[in-house]
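First up is the structure itself, then whatever we jot down about it.
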Amino acid sequence: MRSPYSAWSIFREGLRSQRGWGQAWRSPKPKSQYDVIIIGGGGHGLATAYYLAKKHGVTNVAVLEKGWLGGGNTGRNTTTIRSNYYYPESSALYDLSVTLYEDLSRELNYNVMFSQRGVLTLCHSVPDMEMGARFTNAMQLNGVDAELLDTPAVKKYAPILNFDASARYPIHGAIWQARAGTARHDAVAWGYARAADALGVDIIQQCEVSELVFEGGRCVGVETNQGTLRAPHIAAAVSGHSSLLANKAGLQLPIQSYALQAFVSEPLKPIMDTVALSPALGTYFSQSDKGGLVIGGGIDRIPSYAQRGNLPTQETVLSGLIDMAPILSRVKVLRQWAGVVDVTPDSSPIIGPTEIPGFYLNCGWGTGGFKAIPAGGYLLAHCIAQDAHHTISAPFDLTRFTTGRLIDEGAASGIPH
Amino acid sequence: MQRFPCPFCGLRDEREFHYLAEAGKTRPDTTQPIDDNTWADYLYGKTNTEGVVDEVWMHLSCREVFILRRNRSSLAVEKAIALRTEAE
């Protein structure tokens, strides 16, 4: 059993020239038989494995990752965590996630650097403020913290924004969620991996699934570049590649994959304490602890499996940033990248079993998967271990596209896809 | 910027185009009873395949709707296929 991380261990290793740190997780050879196999070693897959072991005592679990841990969308997002959604089903889901994040560093014994610095969703007109009031009320009715701010209050939180009355999009106020914030994205994957490994979960990297194995209509295993592995429960948490994997099970999903871009600037001294989002401009940004501005926007509007973005979206997002905060017009962009996101027709995720016995899905998070990692893992683990939906995941079953009971957050919370 | 071929106007800036849908879907025969699964597949199902795919696009400038054969992994455009036929 490895020793827990603590202030004492940092001090001790400081005295020992940092030579006493052990590996954070093993790299085991895959066994031929598991109780549960999870495809995808990103945040959601690792969290599913952790909660299976921790909450349900299912420890004979493998997480298969074709590349390296958190190398997909978990390491490509803008690290924002929030639960400002409109419908009660979504509020319950995303607020479970924020609640789990609030205690995650202690739970995992790994500092995920969750900083509850708040998110401002800007309102740029009188009608925007009326819709903002409606949204704030809906959040409060769903038991989520929300406040409608006027212009002086926004200015107090984020003085670098454009408060000029002649701005193209003047700031009338904002919807404020104080419990929202940012976290270190890699640490979320690594923390779950380390904690799951300590409970006996096998994390197998460089292991790509080529086919699913079926017997009598049940999904009973996977063929990989490291041999055939078998388990009575196979779960896929592979975001942008969910359609391709589900296709191997003969399923067609209501998902379209797009590229979503993000940007980071050169490091600056602290100038932005919160996360600010302008729906009108299609841009949001925060400042990382290293000083870089972390900038995001909407998806590229072209279906894509390429992990890079196109120029028109870059222009929209970056010119939007300058409209939001003209003081940043001379800041240099350091890096740009993209991830492949899995977008559903109602911009809500798909969690739970499928019509193929033994095959489970956790996908369809689109542009908002990072904030939901603890909840996605917690709920999928419950589905697999209890063989039944958790009350919070039940509305997000794949069958909603047949029954027509969509949870259309695309329209309700103005998600731009 | 990438340039896409419009069958009517030729090569134009990608910003002039709008993606509509995957090509090849057929609307169910609405004169017959249609079960929920068939409707759901028609409304929401997507092949979402990798590699070369035929997609329905519109050139917003001239309103031409056409098939664009495009590689979703490399983003290379292979060709545009017009849906128009000569007027009779």
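Structural remarks
- 10 Å Cβ neighbours from other chains, averaged over peptide A:298-305: 6
- GNM top mover of A:Val126, A:Val341, A:Val61 - chain A, alpha-carbon springs below 10 Å: A:Val126
- Among A:Phe396, A:Phe163, A:Phe359, residue whose mean-square fluctuation peaks in a GNM of chain A (springs only between Cα atoms under 10 Å): A:Phe163
- Compactness check for region A:191-325: Cα Rg over 2.2 N^0.38 Å is 1.44.
- Calculated from backbone phi, Karplus (6.51, -1.76, 1.60) coupling profile of region A:11-20 in Hz, x at Gly/Pro: 4, 4, 5, x, 6, 9, 6, 6, 8, x
- For B:Phe17, nonlocal amide neighbours, meaning residues 5 or more places apart or on other chains whose placed amide H falls under 5 Å from its own, are B:Leu60.
- Working note: 222 nm ellipticity from helices only, DSSP H runs with n ≥ 4, each -39,500 (n - 2.57), summed and divided by the residues of the protein assembly as shown, gives -7500 deg cm²/dmol to the nearest 500.
- On Cα atoms only, tilt of A:126-141 relative to the major axis of chain A in degrees: 40
- Sparse-neighbourhood loop sites, trypsin sites (Lys or Arg not before Pro) in region A:129-206 - DSSP loop, at most 12 other Cβ within 10 angstrom: A:Arg168
- Chain A: most fluctuating residue of A:Ala246, A:Ala146, A:Ala24 per GNM, C-alpha cutoff 10 Å: A:Ala24
- Helix A:311-324 and the longest principal axis of the C-alpha atoms of chain A enclose an angle of approximately 50°.
- Over region A:135-188 - Rg/Rh using Cα atoms and the Kirkwood inverse-distance radius: 1.09
- Distances between placed amide hydrogens fall under 5 Å for A:Gln33 paired with A:Arg230, all partners being 5 or more residues away or on another chain.
- Net +/- balance of residues flanking A:Ser265 in space, Cβ distance below 11 Å, scoring K and R +1, D and E -1: +3
- Fewest-first sequence of A:Asp35, A:Asp128, A:Asp103 by Cβ atoms within 10 Å of each Cβ: A:Asp103, A:Asp35, A:Asp128
- Cβ-Cβ distance of A:Leu199 and A:Thr228, R₀ of 25 Å, FRET efficiency by 1/(1 + (r/R0)^6): the value works out to about 0.50.
- Whole-number D in µm²/s for chain A (Stokes-Einstein; Kirkwood sum over Cα pairs; 4 °C, 1.567 mPa s): 59
- Size of electric dipole in chain A: Cβ of Lys, Arg +1 and of Asp, Glu -1, about Cα centre, debye, nearest 20: 1260
- Loop sites in region A:8-99: chymotrypsin sites (Phe, Trp or Tyr not before Pro), DSSP, at most 13 other Cβ within 10 Å: A:Trp21, A:Trp68
- The Cβ shell under 15 Å around A:Gln205 holds other residues with a net charge of -1, Lys and Arg each +1, Asp and Glu each -1.
- Within straight-line reach of A:Lys371, meaning a Cα separation under 22 Å, sit the following lysines at least 8 residues removed in sequence or on another chain: A:Lys54, A:Lys55, A:Lys290.
- The angle separating the long axis of helix A:88-102 from the principal Cα axis of greatest extent in chain A is about 80 degrees.
- Residues whose placed amide H lies under 5 Å from that of A:Cys123, excluding near-sequence neighbours: A:His172, A:Gly173, A:Ala174, A:Ile175
- Cβ-based net charge around A:Gln252, under 9 Å, with every Lys or Arg adding one and every Asp or Glu removing one: 0
- Across region B:9-20, rounded Karplus estimates of 3J(HN,Hα) from the backbone phi angles (6.51 cos²θ - 1.76 cosθ + 1.60, θ = phi - 60°) give 9, x, 5, 9, 4, 4, 5, 7, 10, 10, 6, 10 Hz, Gly and Pro being marked x.
- Note: region A:191-240, Cα convex hull, 107 Å³ per residue.
- Cysteines having no other Cys beta carbon under 4.7 Å from their own, within chain B: B:Cys62
- Phi angles across region A:202-207 convert, under the Karplus curve 6.51 cos²θ - 1.76 cosθ + 1.60 with θ = phi - 60°, into 3J(HN,Hα) values of 8, 9, 10, 8, 6, 10 Hz, Gly and Pro given as x.
No value in this document is a laboratory result; all are computed from the given coordinates. Values in this document were obtained by computation on a predicted structure and should not be read as measured data. FYI the Cβ positions are ideal-geometry reconstructions off the backbone, even for glycines, and counts take in every protein chain you see.
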